[in-house]
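This is the structure, below, for whatever I ask next.
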Amino acid sequence: MTITDTHIGLSACPGCDATALATQRASKRAQQGDREVALSLPTIQCAACISVVERGLMALPGVSDVRVNLTRKRATIYVKPDIDDVVLTDALAALGYDAQPLDQATLSANHSDRAARDLLMRLGVAGFAMMNVMLLSVAVWSGASDATRDLFHWISAAIALPTIIFAAQPFYVNAWRALRVARLNMDVPISLAILLAAGMSLFEVAHSGDHAYFDAALSLTFFLLAGRYLDQRTRTVARSAATELAALETPTALRLKDGMPQTVSLSELCVGDLVLVRPGARMPVDGQIMRGKSELDRAFLTGESDPVFVCPDDIVRAGEINLTGPLDVRVMSVGKDTFLHSLADLISVAEEAKSRYNSLADRAAAIYAPAVHLLAFAAFVMWMYLSGGNVRYSLNIAVATLIITCPCALGLAVPAVSTVASGALFRLGLLVKHATALERLAEVDTVIFDKTGTLTVGKPTLLNSGDIALQDFALAAALAMASAHPRSQSIVDAAQGQALPTVAVTDIKELPGHGIAGCWDGKRVALGRADWAGSAGHGTVLAVDGHIRTTFEFQDTLRAGADQLFAHLRDRGLPVTLVSGDTASNVEAFAEAIGLPDWRAGVLPTEKVQFLKDLNAKGKHVLMVGDGLNDTAAMALAHVSIAPASALDATRVAADIVLISSDVSKIEDALRIARSARRRILENFGVAACYNMIAVPFAFFGFATPLSAAIAMSTSSIIVSLNALRVR
Amino acid sequence: MNILAYLIPITLSLGGLGLVGFLWTLRSDQYDDPDGDAARILRDDYDDHPAD
């Protein structure tokens, strides 16, 4: 009995119940000329899943290597170039796993992994050097003298100097970048302290001095690199998850060549090509409908929740979803020229605005960096005067002051907290994409929601199922079965919960954009738009021989957790406004259902922007939650923005935080954690300040020793890291 | 104190060995999938015979 066996029947993942597969080892190696395929596997979660996926794929002909990455829930597969992705996903579906191909180009555009690895290497080297030098330093502190002490100091120097040159490079680079444009950042005092400490210690060692600060310079490097690495890793995790979302949308289209559709990449499409857009698919391009009738879901562009009827010669935009009938579309613009992409400029403007946001760390550095330099300089001048011009002694004290004040705790204060907070949010299903997003979220005092797609799932539910005569309902359900239209689906869903009489409807046909018709008992029955099925009227109706029998009323389905979210926001006293592009009647019904007094309907994208500008002018810090293109401009203007994972790529890029979970009440958790994180950061600054208030006078008046510096530095770093763990 | 002549080089080379080991793990992508590695050790695939 092994541990994997005990999983059987307990685990939620299919692989755990299927370990007894034929054993075939994943021992073949990737061969020359193989194609690399990345698949997203959202449902894998245990050792058995890895085995099942790897063995299952290896058993396929043409697959030469498979490697599952459980952390990223992804598999990398090397296959012969002639094997299609579909073969792989089908094989996995047969094993019980959802798999989706990821776009390699989008994935490999993500280079932050390398930066994290580079930092980890420097961190390892700094850690090795710090421990060895500390070992030798302890011997010196405990009383080694004369030749022994000098020997230990020389060995320390031999370890420390190369390490300081190599490991602390990120600080030098940043400091130089700031100095070149005549600015000061946190890295300037850090670099100065490390370099001066090393240089001064080398000089002391050469002259058989008592104190060498090699261990202090190295611990400084190590602790600060640890902070830097945490920061980088947090953002890498969020960014790689965000990249994966983007890579899920493989940019392909069905191009019609001599009437035959073939899958081509978007980049191969030219203006004038004819593409086929099947029901349920998103428009890949801007274009004009040449053939076919259908209904389009334009919620992403306008916020409208009702489908829009389209027929030949109508213009369609990339991003709209085709609902009912297949459409042949003549390409008018593709890729960068589409309306969708014209928003990219706007997003880069927003990014710039956000990079100008002064984070707490920046503000602390603005006070701290000059203060540290002035203090060290003052110590030097004072001791020059007191010691009657003894440069060596005065410089020693100045360096000790610089090392002791150097912001070990400050360097960890922010990254430690944001790592813990982002990790907690990641587990809740929120991706924090922007470095200062949490801080900005903590300052929010007004919340604005979009409706369609954000608070609703963009799928209708039948409202009046209780008022419909059973026979009518049965007829409607029988007709609706034949259609993929969201309203038909909701009628079928509602019908499943009812005991309906059996009706035999024959000869069912769907007329895209209008409805479904059939034959029942010799009569013509039709379900669809009122003006088509019956005579006059509005909405969706069931008609028998042209007479309207029942009207079906729909409402967009509320997302899970929306009620809870609004209750929490009310408790917090945050004013909430619903700003939607949908019709007044839809929005009013919705706002009433969730008990929201403040709503605006029929708002155009430009009006949303104006609304945000007005609020900004009043000094409000707005949190904007939205998913559509009509929200993107407004989101870029908001103080901080959240988009659900179902949002369009452009909108997700503009958002600071992406909500992966389908439960919107997690936004409340995000607010709570952001505020808690901000409190912890401020506390950490307080700890660092307290520490300096005690340590600086010591150093300033010449009582600091390398031992006291080492103790003070480690203590403050540990306190700050432990405090960060209290983020909840 | 002559013992130091042996001890210090031994300490440093052992520490250096650790560092080289760390750099090797880093270079061979061993920090890419911490969750997966934790799970893989529990598989019984290699219980009967090692990988070819």
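Here, each number is a calculation from the coordinates, and none is a lab measurement. Keep in mind that what you see is a predicted model, and the values were worked out from it rather than measured. Every residue, glycine among them, receives a Cβ derived from its backbone with ideal geometry; neighbour counts consider all protein chains shown.
Per-residue HN-Hα couplings for segment A:426-443, Karplus 6.51 cos²θ - 1.76 cosθ + 1.60 at θ = phi - 60°, whole Hz, x for Gly and Pro?
These are the phi-based 3J(HN,Hα) values: 4, 5, 7, x, 10, 9, 8, 8, 9, 4, 9, 4, 5, 5, 5, 5, 5, 8 Hz.
With r as the distance between the Cβ atoms of residue A:258 and residue B:37 and R0 = 60 Å, compute the FRET efficiency 1/(1 + (r/R0)^6) and round to 0.05. Before the final figure, lay out the partial values.
Numbers: r = 52 Å, r/R0 = 0.86.
Plugging the Cβ-Cβ distance into 1/(1 + (r/R0)^6) gives 0.70.
With an 8 Å Cα cut-off and a minimum separation of 6 or more residues, compute the relative contact order for chain A in percent.
Details: 1376 pairs, mean separation 88.6, N = 728.
Worked out over chain A, it gives 12 percent.
To make sure I understand the rule: partners must be aspartates and glutamates, Cα under 14 Å from the Cα of residue A:80, and not fewer than 8 residues away in the same chain. Which ones qualify?
Leaving aside aspartates and glutamates fewer than 8 places away in the same chain, those within reach of residue A:80 are A:34, A:36, A:65.
Under a Cβ-Cβ cut-off of 15 Å, what is the net charge of the residues other than residue A:223 that fall near it, where Lys and Arg count +1 and Asp and Glu count -1? Could you put the intermediate results ahead of the total?
Values: positive: A:122, A:228; negative: A:187, A:215, A:231.
After counting each charged neighbour, the total is -1.
Let me ask another. Does anyone have the angle between helix A:343-355 and the longest principal axis of chain A? Alpha-carbon axes, 0 to 90°, nearest 10?
Rounded to the nearest ten degrees, it is 30.
Taking beta carbons within 10 Å but only from partner chains, what does the mean come to for residues A:129-136?
Working: counts 2, 0, 2, 7, 0, 0, 4, 3.
For peptide A:129-136, the averaged partner shielding equals 2.
To the nearest 0.05, how large is the calculated FRET efficiency for residue A:690 and residue A:381 if R₀ is 25 Å and r is the Cβ-Cβ distance?
The formula returns an efficiency of 0.40 here.
Just round it to a whole percent: the fraction of Cα-Cα distances in chain A exceeding 46 Å.
On the way: 98642 of 264628 pairs.
Percent of Cα pairs beyond 46 Å in chain A: 37.
Could you pull out the pairs from A:459/A:509; A:451/A:618; A:257/A:459 whose alpha carbons sit more than 29 Å apart here? Could you put the intermediate results ahead of the total?
Numbers: A:459/A:509 23 Å; A:451/A:618 24 Å; A:257/A:459 34 Å.
Going by Cα-Cα distance, A:257/A:459 fall outside the 29 Å limit.
Same structure again: Which residues make up the longest stretch of chain A that has no GluC sites (Glu not before Pro) in a DSSP loop with at most 16 other Cβ atoms within 10 Å? Can you show the working numbers first?
On the way: sites that count: A:249, A:443, A:553.
The answer is A:1-248.
Would you mind computing, in nm to one decimal, how far apart the modelled labels at residue A:337 and residue A:560 are, each placed 7 Å from Cα along Cα→Cβ?
Label at residue A:337, label at residue A:560, 4.4 nm between them.
Continuing with this model, one more query. Which one, A:595, A:624, A:555, projects farthest toward the positive side of the charge dipole computed for segment A:553-629 from Cβ point charges (K/R +1, D/E -1)?
After comparing all options, I get A:624.
Which one, A:360, A:102, A:406, projects farthest toward the positive side of the charge dipole computed for the protein assembly as shown from Cβ point charges (K/R +1, D/E -1)?
A:406
Between 0 and 90 degrees, rounded to the nearest ten: what's the tilt of helix A:584-594 against the longest Cα principal axis of chain A?
That works out to roughly 60 degrees.
Could you calculate the FRET efficiency of residue A:427 with residue A:358 from 1/(1 + (r/R0)^6), where r is the beta carbon distance between them and R0 is 45 Å, rounded to 0.05? Intermediate results must be reported in sequence, preceding the final value.
Details: r = 29 Å, r/R0 = 0.65.
Efficiency for this residue pair is about 0.95.
Another question, if that's okay. Going toward the positive end of the dipole of chain A, with +1 on Lys and Arg Cβ and -1 on Asp and Glu Cβ, which of A:506, A:609, A:637 do you reach last?
A:637
Now for a different question. Ranked from highest to lowest mean number of other Cβ atoms within 10 Å per residue, what is the order of the peptides A:140-153, A:186-199, A:68-81? If you can, show how the numbers build up before the last one.
Numbers: A:140-153: 15.3, A:186-199: 22.9, A:68-81: 19.8.
Top to bottom by mean Cβ count within 10 Å: A:186-199, A:68-81, A:140-153.
Further question: On C-alpha positions alone, give me the angle between the axis of helix A:214-248 and the longest principal axis of chain A, in degrees, nearest 10.
Its long axis makes an angle of about 10 degrees.
Loop only per DSSP, at most 10 neighbouring Cβ atoms within 10 Å: give me the trypsin sites (Lys or Arg not before Pro) in segment A:159-225, ordered by residue number. Kindly include the intermediate steps, with their values, before the conclusion.
Numbers: sites: A:177, A:180, A:183; in loops: A:183.
Here no trypsin sites (Lys or Arg not before Pro) fit, given the DSSP loop and packing criteria.
Is segment A:464-552 best put as rounded, prolate or oblate by its Cα gyration tensor, with a ≥ b ≥ c the root eigenvalues, rounded for a/c under 1.5, and otherwise prolate when a/b is larger than b/c, oblate when not?
Values: a/c = 1.29, a/b = 1.19, b/c = 1.08.
Here segment A:464-552 falls in the rounded category.
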